[in-house]
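Below is one structure, written out as structure tokens, with a few remarks after it.
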Amino acid sequence: MKALPLNIARCAGRFDLMPDGQWCPERNTCKRYLAFTQWDRGVVQDYQGIRVNMGVPDCRHKIEAEQQ
């Protein structure tokens, strides 16, 4: 795991905020999502100034995470 720089947008991994909304099927292999949900813990106090995007189908902004 390597943390992302704070100027790289994170991803919420969801296509919308509806309670029954759809999740991105590729979120667990995306560095943007992993940073937002795991890697930023204890590093980022709040996300003011850090962009967090919603997921989109066929995302062109995915940063592939290394396989462990």
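The values are calculated or read from the model by the stated rules, or taken from the named source; none is laboratory data. Quick caveat: nothing in here was measured; it's all calculated off a predicted structure. Here Cβ is always computed from backbone atoms with ideal geometry, including for glycine, and neighbour counts include all displayed protein chains. Note: accessible area is taken over every heavy atom of the protein model, side chains too, but ligands, DNA and RNA are not part of it. Shrake-Rupley method; radii C 1.70, N 1.55, O 1.52, S 1.80 Å.
Residue under question is Cys30, and the condition is that it be touching a Lys or Arg at 6+ places or on another chain (Cβ under 6 Å) and surrounded by 12 or more Cβ atoms within 10 Å (Cβ to Cβ); does it hold? Walk me through how you get there before you give the answer.
Numbers: touching a Lys or Arg at 6+ places or on another chain (Cβ under 6 Å): yes; surrounded by 12 or more Cβ atoms within 10 Å (Cβ to Cβ): yes.
Criteria met by Cys30.
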For this session: Spot the failing condition for Cys24; the list is (1) in contact with a Gly (Cβ under 9 Å, 6 or more places away or on another chain); (2) open to solvent by 100 Å² or more (accessible area, probe 1.4 Å); (3) touching a residue at least 12 places away in the same chain (Cβ under 8 Å), and only one is missed.
Result: (2)
Exercise. When the residues of the stretch 37-50 are filtered to those that are within 15 Å of Ile8 (Cβ to Cβ) and assigned to a loop (DSSP other than H, G, I, E, B), which remaining residue is least open to solvent (accessible area, probe 1.4 Å)?
Worked result: Asp40
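Inside the stretch 51-61, can you point out the residues that are out of contact with any Phe, Trp or Tyr (no Cβ under 9 Å at 6 or more places or on another chain) and either part of a loop (DSSP other than H, G, I, E, B) or of a type in the set (Val, Ile, Thr) (or both)? Steps first, please.
Our first condition is that a residue be out of contact with any Phe, Trp or Tyr (no Cβ under 9 Å at 6 or more places or on another chain); within the stretch 51-61, this holds for 51, 53, 58-61.
Once the filter is applied, which keeps residues that are out of contact with any Phe, Trp or Tyr (no Cβ under 9 Å at 6 or more places or on another chain) and either part of a loop (DSSP other than H, G, I, E, B) or of a type in the set (Val, Ile, Thr) (or both), the stretch 51-61 yields Arg51, Asp58, Cys59, Arg60, His61.
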Exercise. Of the residues that sit in the stretch 54-68 and are modelled with pLDDT of 90 or more and either farther than 14 Å from Glu26 by Cβ or among the hydrophobic types (A, V, I, L, M, F, W, C) (or both), which one is surrounded by the most Cβ atoms within 10 Å (Cβ to Cβ)?
Worked result: Ala65
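Across the stretch 11-21, what is the number of residues that are within 17 Å of Lys62 (Cβ to Cβ) and surrounded by fewer than 17 Cβ atoms within 10 Å (Cβ to Cβ)?
Of the stretch 11-21, the ones within 17 Å of Lys62 (Cβ to Cβ) are 11-15.
With surrounded by fewer than 17 Cβ atoms within 10 Å (Cβ to Cβ) added as a condition, the list becomes 14-15.
Adding up the residues that qualify gives 2.
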